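Below is one structure, written out as structure tokens, with a few remarks after it.
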Amino acid sequence: MRRIVPLALLAVLAAGCSSSNATPLTPAAPLEGASTETSPTPSPSSLPATAAVGVTQEGSTENSAVKVTVLRVRQPLRAVVPGLPERAGYEYIGVEVRMCIVTDAGPEPTTVSWAPWSLTFADDTVAEAMSSWSDEWWSVPLYPQDRAVRPGSCVRGWVPFEAPKGSKPVAVNYQPSGIVLEWRVK
């Protein structure tokens with residue numbers, strides 16, 4: 001008897017679904033005070049543009065447009081001063097970049113610096129560009145720090161980072177206000 005009830009119920013439901021004059025289902029009204037919004041799906045333009053090292057990417061804000069290339073990543077970036085880095089178990093990583101200012105319509109000229117640059121590692125840690133250094137530490141030309149660049153001009157140089165020895169970055173990130181670019185590191 002117990003098996004007949006579920007089978008009979010199933011037969012009635014199946015018959016109701018196959019009826020040609022069945023009324024279509026309408027969504028129930030939301031409960032009072034309940035939100036009907038769905039979680040927003042990120043638009044492709046809000047996600048970082050990703051490219052391989054060596055590929056030029058473009059970014060723009062309402063006031064300026066730039067072309068940026070991560071030319072190469074060097075690990076370790078050897079310091080020419082003995083004893084650097086001073087923290088045991090750390091090494092320097094250098095990222096050679098080239099930035100071109102395409103347009104600039106802002107009230108102030110576009111300034112370039114190390115601040116928008118970072119490295120991302122496989123464990124989701126992020127290394128910010130160094131905040132103190134000396135030009136004499138390296139035998140490579142450093143990327144300009146807080147320098148105004150006029151439209152039509154380009155700058156090139158190395159941005160140094162300090163990271164634990166043996167940790168390999170998976171991405172180089174450039175994120176000034178309004179622009180998000182990323183390069184994959186192999």
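Every number here is computed from the coordinates shown, using simple stated rules; none is lab data. Please read all numbers here as calculations on a predicted model, not as lab measurements. No Cβ is skipped: glycine too gets one built from the backbone with ideal geometry, and neighbour counts run over all protein chains shown.
Evaluated at q = 0.12 Å⁻¹, a Debye calculation over the C-alpha positions of segment 47-184 (equal weights, vacuum) places log10 I(q)/I(0) at -0.47.
Taking amide H atoms as placed 1.01 Å from N in the peptide plane, the amide H of Tyr143 lies under 5 Å from those of Trp158, Val159, each 5 or more residues away in sequence or on another chain. Counting beta carbons within 10 Å around each of Val112, Val95, Val68 and listing the fewest first gives the order Val112, Val68, Val95.
Coupling constants for segment 97-112 follow from the phi torsions by the Karplus curve (6.51 cos²θ - 1.76 cosθ + 1.60, θ = phi - 60°), and in residue order they are 10, 10, 10, 10, 8, 7, 9, 8, 10, x, x, 10, x, 5, 10, 10 Hz; glycine and proline get x. Ranking of Trp117, Trp138 by neighbouring Cβ atoms within 10 Å, starting from the fewest: Trp138, Trp117. Look at where the Cα atoms of segment 143-177 and of segment 44-114 average out, and the two centres are 3 Å apart. Computed from phi, the 3J(HN,Hα) profile of segment 135-147 under the Karplus parametrisation 6.51, -1.76, 1.60 (θ = phi - 60°) reads 4, 6, 5, 10, 9, 10, x, 7, 5, x, 10, 6, 10 Hz, with x in place of Gly and Pro. Ordering Cys154, Cys100 from the fewest to the most neighbouring beta carbons within 10 Å gives Cys154, Cys100.
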